[in-house]
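The values are calculated or read from the model by the stated rules, or taken from the named source; none is laboratory data. The structure presented is a predicted model; accordingly, all values stated were derived computationally and were not measured. Methodologically, a virtual Cβ is constructed for each residue, glycine included, from the backbone with ideal geometry; neighbour enumeration extends over all protein chains shown. Heads up: the accessible areas ignore ligands, DNA and RNA and are worked out on the full protein's heavy atoms, side chains in. Shrake-Rupley method; radii C 1.70, N 1.55, O 1.52, S 1.80 Å.
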Amino acid sequence: MELITSLVFCVLYFFISLISLAVLFFLTPKKICKIYSRLDLKEEGKRVESIRPFVHPGDSILDVGEGSGRFGKVVQERLGVKVTGVDVCDYSDHSIPFFVYDGKKLPFPDKSFDVIFFAFVLHHIERKGQEIILREACRVARKKIVIFEDSYDYFFERLFTGWNDYHTNIF
């Protein structure tokens with residue numbers, strides 16, 4: 001029953017996201033950003049609260065796979081920490097310090113940050129690359145590494161995550 005429920009959810013989500021893409025096609029980029037910002041606020045708040053137990057005011061945090069930097073900025077403001085972002089491409093709005101890196105070697109000395117943070121990044125990297133970047137995280141972390149990641153029980157859940165990444169990350 002759980003397998004069927006999961007499959008039905010994935011199929012429904014696929015069709016809903018196709019409809020949303022069609023609607024978004026007719027909207028301006030400014031309007032799209034406004035819609036996504038509103039939708040993300042609730043999820044963003046949950047994520048911030050879920051990392052609160054792992055950080056303390058004044059901690060330095062490295063956000064690996066920063067993306068736009070918006071989440072790092074929110075974490076910095078709400079938790080009183082100093083966030084630096086790093087990613088393989090520059091999608092950053094530069095609201096926090098940001099560095100581009102090669103996906104293998106973090107451009108920081110050993111023990112540079114109190115906490116290293118990965119938010120839904122590792123599933124974009126093949127297994128060998130995951131081992132490399134996690135070793136790098138261990139090298140630059142002073143205290144902790146915090147990972148938020150998707151998990152899969154069934155093959156089509158992996159497909160769902162891929163589709164979700166594609167249609168949400170393009171904006």
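The residue that is farthest from Ser68 (Cα to Cα), counting only those in the stretch 88-117 that are among the polar types (S, T, N, Q) and at pLDDT below 95, is Ser95. For beta carbons closer than 9 Å, sequence separation of 6+ or different chains, a first residue in the stretch 68-90 that is at positive phi and a second that is polar (S, T, N, Q), the qualifying pairs are Gly69/Ser92; Gly69/Ser95. In the set Phe120, Phe171, Phe160, Phe155, only one residue is under 30 Å from Phe14 (Cβ atoms), out of contact with any helix residue (DSSP H, G or I) (no Cβ under 7 Å at 6 or more places or on another chain) and either aliphatic (A, V, I, L, M) or modelled with pLDDT under 70 (or both); that residue is Phe155. Among the residues of the stretch 102-145, the ones that are in contact (Cβ under 8 Å) with a residue 24 or more places away in the chain and not in a helix (DSSP H, G or I) come to 23 in all. Can Lys30 be described as within 16 Å of the chain's Cα centre (by Cα), modelled with pLDDT under 90 and open to solvent by 80 Å² or more (accessible area, probe 1.4 Å)? When the stated conditions are applied, Lys30 does not pass them. Among the residues of the stretch 91-101, those that are in contact (Cβ under 8 Å) with a residue 24 or more places away in the chain, of a type outside the set (Val, Ile, Thr) and in a loop (DSSP other than H, G, I, E, B) comprise Tyr91, Ser92, Asp93, His94, Ser95.
Taken together, Glu126, Glu77, Glu131, Glu66 contain a single residue that is open to solvent by less than 60 Å² (accessible area, probe 1.4 Å) and of a type in the set (D, E, K, R), which is Glu66.
Would you point out the residue of the stretch 91-110, among those that are touching a helix residue (DSSP H, G or I) at 6+ places or on another chain (Cβ under 7 Å) and open to solvent by 50 Å² or more (accessible area, probe 1.4 Å), that is nearest to Gly58 (Cα to Cα)? Out of the qualifying residues, it is Asp110.
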